[in-house]
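Novice: Please find one structure pasted underneath; my questions will follow.
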Amino acid sequence: MSKLGNLGARLYRGEVGYDFVGKRKIWYGISILITITAIVGLAVRGLNMGIEFEGGAVFNTPKTSVSVSEAEESAEKASGHDAIVQKLGDDAMRIQIAGVDIKKSDQIKEALAEDLDVKAGDINADLVGPSWGEQIANKAWQGLAIFMVLVVIYLAIAFEWRMALAALIALIHDITITVGVYALVGFEVTPGTVIGLLTILGYSLYDTVVVFDSLKEQSKDLTKQTQYTYSEVANRSINGTLVRSINTTVVALLPVAGLLFIGGGVLGAGMLNDISLSLFVGLAAGAYSSIFIATPLVADFKEREPQMKALKKRVLAKRAAAAAKGESQEAQEPAGDEEPQDVVVGDATPAVVGPRTQSASRGRGKGRPSGKRR
């Protein structure tokens, strides 16, 4: 078995572990800092909405020798709006102009044909009206809201309302960070971006539910014992599924990173950026929130219940009593090389401490008659 597999087995059995829940204030602070940065970036720079949401025009040109910067300058001059130019195969270009009046499309096409030294009839124009773009944006927000409501209802029924609330906070955390990164980077927001957001929300929810399911299983009849608090059981649930979460996240991030950095960056396929960036950031944020945010929040919510407070007091009191008893036993231990005495309870076999077990068993037959019975 590999080292990671051995580690996963030991984490699952509770032999080793990291105190995620105990250090939750650190994770909360990091998340708050990242979220504030994302909100500031969103407020200052805003989102670069695509023509599907704002309306506009897309011009696909044939092969031309004009550079991307020259074509961008020509499109902005002809339309009076910011333009996004992408180089396609065979030296063709895709010129996207958001917010432009579609009535001026013929005028813009003529100006582009003259500047790019191509025929106006060879330029294909796709026009999107602002009302249609607004309708698409409203449908996207409605879909997101419906998704959130259904998630909360499902988790409240399958688990409990505290887990549903924690999962909802984690999902809002993931959306805020992803949208903030879009604002800071300046990538265009397209329907592909919305698809990516819904995809990463589903992935983040799956990862969270895996931990919640383990927590639900381990916390059954928790108040009937005095060995663990709810926070400690929650921490064991995180550690028990940690390697699985890491493996699934890495496997999911590798192809998305290929789309983003190789397809969009090296090969220049800019149309891949809109969906690959949302997937990459969202998958990373979702894995982080399921481990460091959702489950610690559930522990915080549950520890406020009276029965969980009483359980925590009993567990701590028992540990304090055991620690005090251990100290008194240490004070009564024989000093020097004095041998510890056997402890006999009733008619049970003597329980010998340490290495005397073997020697005692060897000498158990001394003083008894040997040989066969007649």
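The values are calculated or read from the model by the stated rules, or taken from the named source; none is laboratory data. The structure displayed is predicted, hence computed values, not measured ones. A quick note on method: Cβ atoms are made from the backbone with ideal geometry, for glycine too, and the neighbour counts reach across all protein chains shown. We work out accessible area using only protein heavy atoms, side chains counted, and drop any ligands, DNA or RNA first. Shrake-Rupley method; radii C 1.70, N 1.55, O 1.52, S 1.80 Å.
Novice: Would you mention how many residues in the range 174-189 are open to solvent by less than 10 Å² (accessible area, probe 1.4 Å) and either among the basic types (Lys, Arg) or in contact with a strand residue (DSSP E or B) (Cβ under 9 Å, 6 or more places away or on another chain) (or both)?
Specialist: 2
Novice: Looking only at the range 302-312, count how many residues are in a helix (DSSP H, G or I), surrounded by 12 or more Cβ atoms within 10 Å (Cβ to Cβ) and not aliphatic (A, V, I, L, M).
Specialist: 3
Novice: Anything in the range 39-55 that is open to solvent by less than 70 Å² (accessible area, probe 1.4 Å) and either aromatic (Phe, Trp, Tyr) or at pLDDT 90 or above (or both)? List them, or say none.
Specialist: Result: Phe53, single match.
Novice: Of all residues in the range 279-301, count the ones that are in contact with a Phe, Trp or Tyr (Cβ under 7 Å, 6 or more places away or on another chain) and either open to solvent by 20 Å² or more (accessible area, probe 1.4 Å) or more than 21 Å from Val210 (Cβ to Cβ) (or both).
Specialist: Of the residues in that region, 1 qualify.
Novice: Something else: When you scan the range 128-139, do you find a residue that is over 24 Å from Gly192 (Cβ atoms), open to solvent by 70 Å² or more (accessible area, probe 1.4 Å), assigned to a helix (DSSP H, G or I) and touching a residue at least 12 places away in the same chain (Cβ under 8 Å), even just one?
Specialist: Among the residues of the range 128-139, not one is over 24 Å from Gly192 (Cβ atoms), open to solvent by 70 Å² or more (accessible area, probe 1.4 Å), assigned to a helix (DSSP H, G or I) and touching a residue at least 12 places away in the same chain (Cβ under 8 Å), which makes the answer no.
Novice: Which residue pairs have Cβ atoms closer than 9 Å, lie 6 or more positions apart in sequence or on different chains, and pair a first residue in the range 170-183 that is closer than 12 Å to Ile34 by Cβ with a second residue that is surrounded by 20 or more Cβ atoms within 10 Å (Cβ to Cβ) and of a type in the set (Asp, Glu)?
Specialist: So the pair list comes out empty.
Novice: Restricting the search to the range 60-87, which residues are in a helix (DSSP H, G or I), touching a residue at least 24 places away in the same chain (Cβ under 8 Å) and not aliphatic (A, V, I, L, M)?
Specialist: Step one: of the range 60-87, the residues in a helix (DSSP H, G or I) are 68-79.
Okay, now just the ones that are also touching a residue at least 24 places away in the same chain (Cβ under 8 Å), so 68, 70-71, 74-75, 77-79.
If the condition is that a residue be in a helix (DSSP H, G or I), touching a residue at least 24 places away in the same chain (Cβ under 8 Å) and not aliphatic (A, V, I, L, M), then Glu70, Ser74, Lys77, Ser79 are the ones that fit.
Novice: Give me the pairs: first residue in the range 4-30 and under 14 Å from Ser237 (Cβ atoms), second residue at pLDDT 65 or above and open to solvent by 80 Å² or more (accessible area, probe 1.4 Å), beta-carbon distance under 7 Å, and six or more apart or on different chains, which are they?
Specialist: What qualifies is Gly14/Arg236; Gly17/Arg236.
Novice: While we're here: Among the residues of the range 99-110, are any polar (S, T, N, Q) and touching a helix residue (DSSP H, G or I) at 6+ places or on another chain (Cβ under 8 Å)? Lay out the reasoning, then the answer.
Specialist: Here is the first cut: in the range 99-110, the residues polar (S, T, N, Q) are 105, 107.
Remaining after also requiring touching a helix residue (DSSP H, G or I) at 6+ places or on another chain (Cβ under 8 Å): 107.
Among the residues of the range 99-110, at least one is polar (S, T, N, Q) and touching a helix residue (DSSP H, G or I) at 6+ places or on another chain (Cβ under 8 Å), which makes the answer yes.
Novice: Are any residues in the range 98-127 part of a loop (DSSP other than H, G, I, E, B) and either open to solvent by less than 40 Å² (accessible area, probe 1.4 Å) or among the small types (Gly, Ala, Ser) (or both), and if so, which ones? It would help to see each step written out before you state the result.
Specialist: Start the filter on the range 98-127 by keeping residues that are part of a loop (DSSP other than H, G, I, E, B), which leaves 99-101, 117-119, 123.
Selection gives Gly99, Val100, Val118, Ile123.
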